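Structure first, then comments.
The values are calculated or read from the model by the stated rules, or taken from the named source; none is laboratory data. Note that the structure is predicted; figures quoted are calculated from it, not measured. All Cβ positions, even for glycine, are placed from backbone atoms using ideal geometry, and neighbour counts span all protein chains on display. Protein only, heavy atoms only, side chains kept; ligands, DNA and RNA dropped before computing areas. Shrake-Rupley method; radii C 1.70, N 1.55, O 1.52, S 1.80 Å.
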Amino acid sequence: MLTTVKSNEKVVPGFFEMEIEAKGLAKHAGPGQFFMLKVAFGTDPLLRRPLSIHRITSPDSLRFLYRESGRGTSILSKLVPGDQLDALGPLGNGFKVGKTVKHALIVGGGIGVAPLLCLTDHIAKERPDITPVVFIGGRDKDSVMCLDQFKELGIETHIRTEDGSIHKKGLITHSLEEYIDKYKKDGTGGWAIFSCGPTPMLRSVAAIANMNDIKCFTSLEAHMACGIGACLGCVIPLLDREHETQVYRKVCEDGPVFDSEEVLW
Ligand code: FES
């Protein structure tokens, strides 16, 4: 679908936030889903870039938060309001907040925070019975984003940076462990963790969830060429727990969100 760029601004060095508009674009979109964006007309670059939905601002518009990390995203960062952009989506399964979830711990690292703000918006709107708690980690102050937006939603937010440039020094998984240890005395029934970020962080979050008997849903990244299940470029091995065998799944079509107990870390 052809969309129009409404805004495209640098939020911190190397990171941009873009809003696009197209009729009905966001009607069926949910947190954790993504779009495949064609950053230029013609065949160069040939492949679309997958970007997860950062915020759904209206039935006709949505936002992406992205890192400029290669030629495609560099081209994307130079688009200006009024430019046109071919967007394919929404794609993928997204985060599902089940009826049994009573307490949501939302854990993001670096650019992994992008879909988690969308998830938090969704919970605030659709599940006011849930009080989410957010944990954000990053290398330094520039890689910890969206703090003001979480604050605006009135959400308890824990922050850590690896270099200690803002807030506590260390890994955000330590804050997650501290929180769980402090509040788990009445049991962790109904708790769920939703995570997105670098693989080492996701692996640690999954281990913490497992140790504390908490369901954990994790959004995985993969190289995606098509985004629609056709190229098999994003296939990963997973554990089929029912049959205790290894199976292969497509991150773009079967994910990107998986039960962390199925992921072969
Ligand atoms: Fe082509 Fe997933 S990106 S099958």
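Below is a table of values for the structure above.
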item: Unmet requirement for Lys185, which otherwise passes all of (1) at pLDDT below 95; (2) surrounded by 13 or more Cβ atoms within 10 Å (Cβ to Cβ); (3) not in a loop (DSSP other than H, G, I, E, B); result: (2)
item: Qualifying residue in the stretch 219-227 (condition: more than 7 Å from the ligand (Cβ to nearest atom) and modelled with pLDDT of 95 or more); result: yes
item: Scan of the stretch 227-258 for residues that are more than 23 Å from Gly108 (Cβ to Cβ) and open to solvent by less than 40 Å² (accessible area, probe 1.4 Å), ordered by number; result: Gly229, Asp240, Val247
item: Qualifying residue in the stretch 57-66 (condition: of a type in the set (Lys, Arg), under 19 Å from Gln149 (Cβ atoms) and open to solvent by 30 Å² or more (accessible area, probe 1.4 Å)); result: yes
item: Qualifying positions in the stretch 101-147 - of a type in the set (Ser, Thr, Tyr) and at pLDDT 95 or above; result: Thr120
item: The stretch 228-255: number of residues that are hydrophobic (A, V, I, L, M, F, W, C) and more than 8 Å from the ligand (Cβ to nearest atom); result: 4
item: Residue within the stretch 152-168 that is at pLDDT below 95 and assigned to a helix (DSSP H, G or I) present; result: yes
item: Qualifying residue in the stretch 189-208 (condition: within 16 Å of the ligand (Cβ to nearest atom), exposed (fewer than 14 other Cβ atoms within 10 Å of the Cβ) and part of a loop (DSSP other than H, G, I, E, B)); result: no
item: Number of the condition not met by Lys27 [criteria: (1) within 20 Å of Pro198 (Cα to Cα); (2) of a type in the set (D, E, K, R); (3) surrounded by fewer than 20 Cβ atoms within 10 Å (Cβ to Cβ)]; result: (1)
item: Condition met for Ile159 (among the β-branched types (Val, Ile, Thr) and surrounded by fewer than 24 Cβ atoms within 10 Å (Cβ to Cβ)); result: yes
